[in-house]
Structures are given as C-alpha cells and as structure tokens.
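**Student:** Before I ask anything, let me first share the structure, which is written out below as structure tokens.
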Amino acid sequence: MIQGMPVDVPLPPTPTTADAAGLNPSFISEPSVLLVAMVRGEPVAYEDEKNGVLVQNVYPVEAESRSPSNESSGTDLGFHTELSFSRKHPERPLHEASPDFLLLLGLRPAPLRDAVTTLVDGRDICHVLSDRARTALMQPSFQLRAPYSFTQGLAERPWSRPVPLLHKLDPPTFAFDLACGVRKGPMMVDARRP
C-alpha cells in the first residue's frame, strides 16, 4: 500500500452519469498512478471497458447502483479477480488477457466512510483448501460470465467455454467473479470439504 499519493486540489465534483468517465480534468492524480503502473510493468486498457481509457475514473452512478459493476454503490461485488472480455474475440478465455496487478487510487471517501476494499492472497486460499479441492478447481469444469463493465449494450452477457478457476499453484493464479457469474460443471466438488 502506498499512502500520500499526490492528487488534484481541489477535486472536481463527482460526475453523476457513466458517460463522464473519461472527462476527468486531472493533471496530477492520473499521471501519478500511471507512474506507479510503469514502475510495476506495462499499463494496459481494454477497448471494450470504459471506451479503452487507460486510467479509469470509477465512481458510483445511481442508475447502476445495483449492478455487478464498478459503478455500483449498493451491491457487494464479493471476491473476484479481474477478468476481461473482448467483443472482437469472444471465444478468448476471460482470464487470458487479465492484468497482473491492479492499482486503486482513492481520491474521495464514501459519504459515510464505509466503503471497503478487501484483498486476499491466493496462497492463503490454497492453504485452507484440501488437495482434492485444489485439484477440482484446476479442472476445466467451470464457466465464467463476461464482466458487466465489458458487455454494457449487449443483449446478454456471454458465458465462457469451460475453464479452471485455479490456473497454477506457485504462485496461485485464480480467475473468477462471483458477482458476474460462475457456473459449475457436473464434475464440480464442494471446495470447502476435505
């Protein structure tokens, strides 16, 4: 965690519609977060998410308050990994082009200061799973639903072909999004049971 990142002062008012996402007149916070991203690797954006802007300005939008997306304010997104969907290549597995890391820079707190972001280390998850559960999660027995933020405007959100949820053990690499949807195949076992 990095604290004390430089931000623009004063901050502009929070937009009220989703289409204002790329209109941030920031000259300090966006370059600051991009600098950190470049130290960690290569910053990426996705054409199908928020029109491909490199730094996304994420804020709650009343019309999306209950959606499973980063524009919601009344929905718990639950544990998830970042997944990406391509309208040009819908057959590509959702985890294949996902980022290796994600940067979040909070510019303004929630009105009640009750917003929460929880991180979990994949090694901690694997530590509490049985060998049988880890083996089951590594089987291509699951379907993932395309993320809401990548599929706005489509008639329906597509499901992936069967894929594993756990892709490797060292270090653990998971791919799932419970808020978007995960379907279990017939070979699925309860991962919480020994």
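**Student:** Could you tell me which of the residues 48, 76 is out of contact with any Gly (no Cβ under 6 Å at 6 or more places or on another chain), farther than 17 Å from residue 146 by Cα and acidic (Asp, Glu)? First the steps, then the outcome.
**Tutor:** Working: 48 fails: farther than 17 Å from residue 146 by Cα.
None of the other options fit; the residue is 76.
**Student:** Which numbered condition in (1) within 20 Å of residue 153 (Cβ to Cβ); (2) of a type outside the set (Val, Ile, Thr); (3) open to solvent by less than 40 Å² (accessible area, probe 1.4 Å) is the only one that residue 62 fails?
**Tutor:** (3)
**Student:** Further question: Output yes when any residue across segment 162-180 is surrounded by fewer than 16 Cβ atoms within 10 Å (Cβ to Cβ), assigned to a loop (DSSP other than H, G, I, E, B) and among the charged types (D, E, K, R), and no when none is.
**Tutor:** Yes, some residue in segment 162-180 is surrounded by fewer than 16 Cβ atoms within 10 Å (Cβ to Cβ), assigned to a loop (DSSP other than H, G, I, E, B) and among the charged types (D, E, K, R).
**Student:** On the basis of being part of a loop (DSSP other than H, G, I, E, B), free of Cβ contacts under 8 Å to residues at least 24 places away in the same chain and out of contact with any helix residue (DSSP H, G or I) (no Cβ under 9 Å at 6 or more places or on another chain), does residue 111 make the cut? Steps first, answer last, please.
**Tutor:** On the way: part of a loop (DSSP other than H, G, I, E, B): yes; free of Cβ contacts under 8 Å to residues at least 24 places away in the same chain: yes; out of contact with any helix residue (DSSP H, G or I) (no Cβ under 9 Å at 6 or more places or on another chain): yes.
Answer is yes for this residue.
**Student:** Need pairs with beta-carbon distance below 9 Å; first residue touching a residue at least 12 places away in the same chain (Cβ under 8 Å) and open to solvent by less than 80 Å² (accessible area, probe 1.4 Å) and within segment 27-56, second part of a loop (DSSP other than H, G, I, E, B) and of a type in the set (Phe, Trp, Tyr); sequence gap 6+ or separate chains.
**Tutor:** These pairs meet every condition: 37/101; 41/101; 46/85; 48/85; 49/85.
**Student:** Another one. Among (1) under 19 Å from the mean Cα position of the chain (by Cα); (2) open to solvent by 50 Å² or more (accessible area, probe 1.4 Å), there is one condition residue 155 misses while meeting the rest; what is its number?
**Tutor:** Just one mismatch for residue 155, condition (1).
**Student:** Quick check on residue 85: is it closer than 15 Å to residue 147 by Cβ, out of contact with any strand residue (DSSP E or B) (no Cβ under 8 Å at 6 or more places or on another chain) and either assigned to a loop (DSSP other than H, G, I, E, B) or not aliphatic (A, V, I, L, M) (or both)? Please lay out each step first, then the result.
**Tutor:** On the way: closer than 15 Å to residue 147 by Cβ: yes; out of contact with any strand residue (DSSP E or B) (no Cβ under 8 Å at 6 or more places or on another chain): yes; either assigned to a loop (DSSP other than H, G, I, E, B) or not aliphatic (A, V, I, L, M) (or both): yes.
Taking the combined requirement at face value, the residue satisfies it.
**Student:** Next up: Tell me, which residue of segment 1-26 that is open to solvent by less than 70 Å² (accessible area, probe 1.4 Å) and part of a helix (DSSP H, G or I) is modelled with the lowest pLDDT?
**Tutor:** For segment 1-26, the residue satisfying everything is 20.
**Student:** Touching a residue at least 60 places away in the same chain (Cβ under 8 Å), within 15 Å of the chain's Cα centre (by Cα) and surrounded by fewer than 16 Cβ atoms within 10 Å (Cβ to Cβ), is that true of residue 78? So that I can check it myself, show each step before the final result.
**Tutor:** Working: touching a residue at least 60 places away in the same chain (Cβ under 8 Å): yes; within 15 Å of the chain's Cα centre (by Cα): yes; surrounded by fewer than 16 Cβ atoms within 10 Å (Cβ to Cβ): yes.
In short, yes.
**Student:** Just for segment 108-144: of the residues that are at pLDDT 90 or above and of a type in the set (Gly, Ala, Ser), which one is farthest from the chain's Cα centre (by Cα)?
**Tutor:** So the residue we want is 130.
**Student:** Please verify whether residue 69 is in a loop (DSSP other than H, G, I, E, B), within 15 Å of residue 150 (Cα to Cα) and of a type in the set (Gly, Ala, Ser), treating the condition exactly as stated. Before you say what the answer is, go through the steps one by one.
**Tutor:** Working: in a loop (DSSP other than H, G, I, E, B): yes; within 15 Å of residue 150 (Cα to Cα): yes; of a type in the set (Gly, Ala, Ser): yes.
Taking the combined requirement at face value, the residue satisfies it.
For (1) open to solvent by 50 Å² or more (accessible area, probe 1.4 Å); (2) closer than 30 Å to residue 26 by Cβ; (3) assigned to a helix (DSSP H, G or I); (4) among the hydrophobic types (A, V, I, L, M, F, W, C), each residue gets a yes or a no:
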residue: 96; (1), (2), (3), (4): yes, no, no, no
residue: 102; (1), (2), (3), (4): yes, yes, no, yes
residue: 106; (1), (2), (3), (4): yes, yes, no, no
residue: 117; (1), (2), (3), (4): yes, yes, no, no
residue: 132; (1), (2), (3), (4): yes, no, yes, no
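The values are calculated or read from the model by the stated rules, or taken from the named source; none is laboratory data. Since we're looking at a predicted model, the values are computed, not measured. When we count neighbours, we look across all protein chains shown, and the Cβ atoms used for this are built from the backbone with ideal geometry, even at glycine. Calculation scope for accessible area: heavy atoms of the full protein, side chains included, ligands and nucleic acids excluded. Shrake-Rupley method; radii C 1.70, N 1.55, O 1.52, S 1.80 Å.
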